[in-house]
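Chemist: Structure in structure tokens, see below.
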Amino acid sequence: MISFFSCGEDYVPKPKAFLRLDYPEAKYVQTKLELPFAFETNLLATKVSSKQVKSTTRSYGLNIEYPSLNATLFLTYKPIGGSDGKLINYIKDAQNFTQKHMIKADEIPVFPYENKERKVYGQFSEVIGDVASPAQFYVTDSVNHFLTGSLYFNVKTKYDSILPAAYYLEKDIRHIMETIKWK
């Protein structure tokens, strides 16, 4: 019996396999929508649609859909106008919306954004954990324009499962913030 087990090939354990998701390199184009701002969007986003929310305030809702990633980036634009309190309220609303995810989030790192040349100021929030929206942001010129956005996947999220897609789309969100131009 000893000779039976002692002869033969040496057992070599196989290495653990990991899922590898390769996304195409992002290629960006300028949006051609009739809005009070413009930005560049990834060609992977096959559908970019907008609608005017309220005709009297010129607010807009935009959806940037990523069918191959089963995700949508929802954007909301609001004009600030002459009221000093509007901007503060818009920022508080955006930050409170992010904080509502604290119940399920493990952490929410916040990254300020500022481009003085183009007058774009804002904040990007990465929401880590099993949450509905893993990334949110807002940008403003502090005088006339305010834009907020939230990323959602069209599936029940498990953080480790959507992480590669979330990272890919976070780069797109940051690119939107970096290329936004107010009209």
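Chemist: Please work out which one of (1) modelled with pLDDT of 90 or more; (2) in contact with a helix residue (DSSP H, G or I) (Cβ under 6 Å, 6 or more places away or on another chain); (3) among the aliphatic types (A, V, I, L, M) is the condition Leu21 fails and give its number.
Modeler: Going through the list (1) modelled with pLDDT of 90 or more; (2) in contact with a helix residue (DSSP H, G or I) (Cβ under 6 Å, 6 or more places away or on another chain); (3) among the aliphatic types (A, V, I, L, M), Leu21 breaks only (1).
Chemist: Restricting region 125-161 to residues that are within 25 Å of Pro79 (Cβ to Cβ) and in contact with a Lys or Arg (Cβ under 6 Å, 6 or more places away or on another chain), which is surrounded by the most Cβ atoms within 10 Å (Cβ to Cβ)? Can you show your working first?
Modeler: Of all residues in region 125-161, those within 25 Å of Pro79 (Cβ to Cβ) come to 125, 133, 135-152.
Those left that are additionally in contact with a Lys or Arg (Cβ under 6 Å, 6 or more places away or on another chain): 141, 146.
Working: Asp141: 18, Phe146: 24.
Once the filter is applied, the top-ranked residue is Phe146.
Chemist: What do you reckon, is Ser49 part of a strand (DSSP E or B), hydroxyl-bearing (Ser, Thr, Tyr) and more than 16 Å from the chain's Cα centre (by Cα)? Break it down stepwise before answering.
Modeler: Numbers: part of a strand (DSSP E or B): yes; hydroxyl-bearing (Ser, Thr, Tyr): yes; more than 16 Å from the chain's Cα centre (by Cα): yes.
When the stated conditions are applied, Ser49 passes them.
Chemist: State yes or no: is Asn115 free of Cβ contacts under 8 Å to residues at least 60 places away in the same chain and among the polar types (S, T, N, Q)? Break it down into steps so the answer makes sense when it comes.
Modeler: Details: free of Cβ contacts under 8 Å to residues at least 60 places away in the same chain: no; among the polar types (S, T, N, Q): yes.
So Asn115 fails the test.
The values are calculated or read from the model by the stated rules, or taken from the named source; none is laboratory data. Since this is a predicted model, take the numbers as computed values, not measurements. Glycine also receives a Cβ, built like all others from the backbone with ideal geometry; neighbour counts cover every protein chain displayed.
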